[in-house]
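**Student:** Here you go, one structure.
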Amino acid sequence: MRRSLRLLAVILMVGIVAGYVGDWLVRDRVSASAANEFLDDLRTIGVRVPRDTSGRILQQGDLSTAWIASVDALPARMQALAGTLKGAEGQPALGLVRRGPWSNIFLIEARDSMIWVELTNTPKKICREIALRAAEDPARTAYLTTLGDPPKPPDQIDPKRFCQENFMEVRFALIDPLIELNRLTADVQKAVASVPANAAQKTSFVGSAAPFQVGQPAENSSAIIESGPDRVRVAIPNVPLALCRLALQVGPEAFGMDAFEHPDGTAFRLAKWQSSDPVCRTLKGLLAMSRSKAVPKSG
């Protein structure tokens with residue numbers, strides 16, 4: 001009898017534990033799915049908002065969800081879902097499903113060619129979930145920041161360090177990769193053209209592309225141009241993965257350069273069959289390239 005009771009107790013306990021584990025797994029999958037959907041929606045906003053010919057977003061500063069909806073840049077999931085965050089009076093609801101809750105306020109701001117999104121009072125668990133999902137596919141989000149840290153591409157962030165408080169503000173930077181590629185090629189070509197032909201120098205330079213917008217102040221840029229006796233080298237840090245992918249695919253010629261470089265200075269270019277993603281991940285946000293100086297013909 002006692003053995004039967006113990007066996008029954010063990011069976012009940014196993015059932016209870018299995019139920020908790022199953023519920024936890026379901027909740028975890030739901031949380032991961034919600035984070036992925038949220039990042040997909042942000043990416044949609046990032047490439048749909050109207051811009052001028054330079055890529056600058058037409059309406060600068062704070063963007064209401066009503067304006068984003070009026071220009072057809074608000075994803076369907078964000079327009080009306082039960083249990084979602086509300087916009088201001090007369091604005092559509094936002095499809096950010098609250099399973100925690102996620103946040104009290106959802107702020108969107110345009111700065112030049114980039115869109116910044118802020119979630120306030122985000123719980124640690126949700127923050128880490130978003131950071132993990134963003135790192136899996138950094139093309140959806142160009143930069144992340146919290147706790148006053150400098151913005152970084154998501155694949156260069158440690159979620160535990162990134163989300164160490166119980167509640168925090170999480171900021172996302174969104175880009176249109178094609179627009180930023182055009183801006184970056186112009187930045188590099190302008191910087192190289194400004195170097196005197198016979199100069200031997202190493203200086204910083206500024207530009208208008210995304211890495212410059214989130215980098216150091218203009219007067220103290222961390223992008224470097226080096227001019228030596230036989231070549232010019234450009235190195236730009238903090239390049240988001242989506243932009244790096246496109247840069248390697250179009251080739252160094254689009255920048256007016258001869259070759260890309262690994263951090264150790266080894267020159268390379270992608271083969272036609274080669275994927276740019278693993279190469280960009282090894283570069284860790286540093287896009288470097290070089291060009292040989294033309295040797296004047298004698299006589």
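Each reported figure results from applying straightforward, stated rules to the coordinates on display, with no laboratory input. Small disclaimer: the values here were computed from a predicted structure and weren't measured. Glycine gets a Cβ as well: all are built from the backbone with ideal geometry, and neighbour counts include every protein chain shown.
**Student:** Could you grab the Rg to Rh ratio for region 207-256? Cα atoms only, Kirkwood for Rh.
**Tutor:** On the Cα set of region 207-256, Rg over Rh gives 0.99.
**Student:** Something else about it: Tell me, what is the percent relative contact order of region 206-299, built from C-alpha pairs under 8 Å that lie six or more residues apart? Working shown, then result.
**Tutor:** Working: 130 pairs, mean separation 29.7, N = 94.
Relative contact order for region 206-299 comes out at 32 percent.
**Student:** May I pose another question? Considering all alpha-carbon pairs of region 131-290, what whole percent are spaced by more than 29 angstrom?
**Tutor:** 19
**Student:** Another question about this same structure. Applying a 10 Å radius around every beta-carbon, put 204-216, 65-77 in order of their mean neighbour count, most first.
**Tutor:** Ranking, from highest mean packing down: 204-216, 65-77.
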